[in-house]
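The numbers here are math on the coordinates, done by the rules we state, and not lab data. Because the structure is predicted, anything quoted here is derived from the model rather than measured. Cβ sites come from the backbone with ideal geometry, for glycine too, and all protein chains shown count toward neighbours.
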């Protein structure tokens, strides 16, 4: 897992993949599956919808930190498994054979098996809408990984896998942020 | 374009496609390309990051209405074109040969060429983060359309097209909202 320039981290989130979000409550690590996220700024700032219905929420509010890990298609059953059980009675890292890796900036762990990881600080919680606003402070990507296709949840129990890539960089040149 | 049950409209947005957002300022229609969106609730409520840097923002704030239109891969050049010029000096419906269709609940138009359209009311603006919160109040889908693959912006001028679909409905049964 190599460091990635922070000003490029939004490109991991902008396509809207399902993500795994890790937290640490002081004693133990947990993971939740989230597909309600968006980019809010290139700096990078992200928004995520979550609330008390997720067991991780208490740790997220208390520690004000998390890691957004980007899984790929080969991890689909772990992604669904993590999303359908609770950290209240399950060690999800153990159950789903995922490996926590110590990060640099936050206590929540990176997930070794994922394509990329973004260490984040909670910079705001918009209580009214259950929106948590996150600042990315470290980003890492596993360039050695062959499988790079991410998953997009439809929300009805089906998922779409990344297909072909189309390039419109020339047309969009005027709109691209520096260094991207 | 047939009506779609409102409680299923979130399934159009959850996978994170690039969308076109239409507004009407009282006199003329406009369109912007947005990929910073997320689902906030099944009801459906959506969040979208936008601000004064988008010409449409004034009409959005004033009318407190918009339509989220979901384009497919065959419309990529219109999507990029709409996103790289301004409604200040361009009639984007005319320039990109898109057809405005009168909706039922809002004055902003649906886009005929898109796979689906969601009529929305602005229910809140979180000024601090430039997050606009939208309530979907009408949803439509074009079942007759052959091309159904949507686009996901990477943010660097490239796009990923929807690939194959994977089904995990059985594993996720306990988590799916009623009627989805």
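Mean separation of Cα pairs under 8 Å and 6+ residues apart, divided by the residue count of chain A: what relative contact order is that in percent? Walk me through the intermediate numbers first.
On the way: 376 pairs, mean separation 48.3, N = 180.
In percent, rounded to a whole number, it is 27.
Rounded, prolate or oblate: pick one for region B:25-143, where a ≥ b ≥ c are the square roots of the eigenvalues of its C-alpha gyration tensor, a/c under 1.5 means rounded, and failing that, prolate if a/b is larger than b/c, else oblate. Don't skip to the end; give the middle numbers.
On the way: a/c = 1.45, a/b = 1.16, b/c = 1.24.
It is rounded, given that a/c, with a ≥ b ≥ c, falls under 1.5.
For the protein assembly as shown, what mean projected area does the convex hull of the alpha carbons give, in nm²?
On the way: hull surface 66.5 nm².
If I average the Cα hull's projected area over directions, I get 16.6 nm².
From the label point of residue A:86, set 7 Å along Cα to the beta carbon, how far off in nm is each other copy's matching point, shortest first?
In nanometres, ordered from closest: 5.2.
Quantify how strongly other chains surround peptide A:36-44 by giving the mean number of their Cβ atoms within 10 Å of each of its Cβ atoms. All intermediate terms of the calculation are to be shown ahead of the outcome.
Numbers: counts 10, 4, 13, 7, 8, 4, 1, 0, 1.
Mean number of neighbouring Cβ atoms from other chains: 5.
Set the Förster radius R0 to 25 Å, insert the Cβ-Cβ distance between residue B:77 and residue A:5 as r into 1/(1 + (r/R0)^6), and round the FRET efficiency to 0.05.
On the way: r = 29 Å, r/R0 = 1.17.
In this case the efficiency is close to 0.30.
Please give the length that would be gained between residue B:164 and residue B:123 if that part of the chain were fully extended, namely 0.36 nm times their separation in residues minus their C-alpha to C-alpha distance (nm, one decimal).
On the way: separation 41, 0.36 × 41 = 14.76 nm, distance 3.52 nm.
Fully extending the segment from residue B:164 to residue B:123 adds 11.2 nm.
Please check: in the Gaussian network model of chain A (C-alpha springs, under 10 Å), which one of A:61, A:164, A:149 has the largest mean-square fluctuation.
It is A:164.
Specify the inter-centroid distance of region B:1-62 and region A:57-135, based on alpha-carbon positions, in whole Å.
Each part reduced to its Cα centre gives a spacing of 28 Å.
Relative contact order of region A:36-95, please, whole-number percent, based on alpha carbon pairs below 8 angstrom and at least 6 residues apart. Walk me through the numbers before you get to the answer.
Numbers: 25 pairs, mean separation 13.2, N = 60.
Result for region A:36-95 is 22 percent.
If a/c stays under 1.5 just call it rounded; otherwise compare a/b with b/c (prolate if a/b is bigger, oblate if not). Do that for region B:34-89, with a ≥ b ≥ c from the square roots of the Cα gyration tensor eigenvalues.
Numbers: a/c = 2.16, a/b = 1.14, b/c = 1.90.
Oblate, since a/c reaches 1.5 and b/c is not below a/b.
Rounded to the nearest 500, what is chain B's calculated 222 nm mean residue ellipticity when only DSSP H runs of at least 4 contribute -39500 (n - 2.57) each, over all residues?
On the way: 5 runs with 28 residues, N = 180.
Here the helix-only value at 222 nm equals -3500 deg cm²/dmol.
Assign one of three labels to region B:75-159, namely rounded, prolate or oblate, based on the Cα gyration tensor with a ≥ b ≥ c the square roots of its eigenvalues; rounded applies when a/c is under 1.5, prolate when it is not and a/b is larger than b/c, and oblate otherwise. Write down the numbers at each step before the final one.
Values: a/c = 1.35, a/b = 1.09, b/c = 1.25.
Rounded, since a/c falls under 1.5.
If we count other beta carbons within 10 Å of each Cβ, what is the order of B:6, A:20, fewest first?
On the way: B:6 17, A:20 25.
Going from sparsest to densest Cβ surroundings: B:6, A:20.
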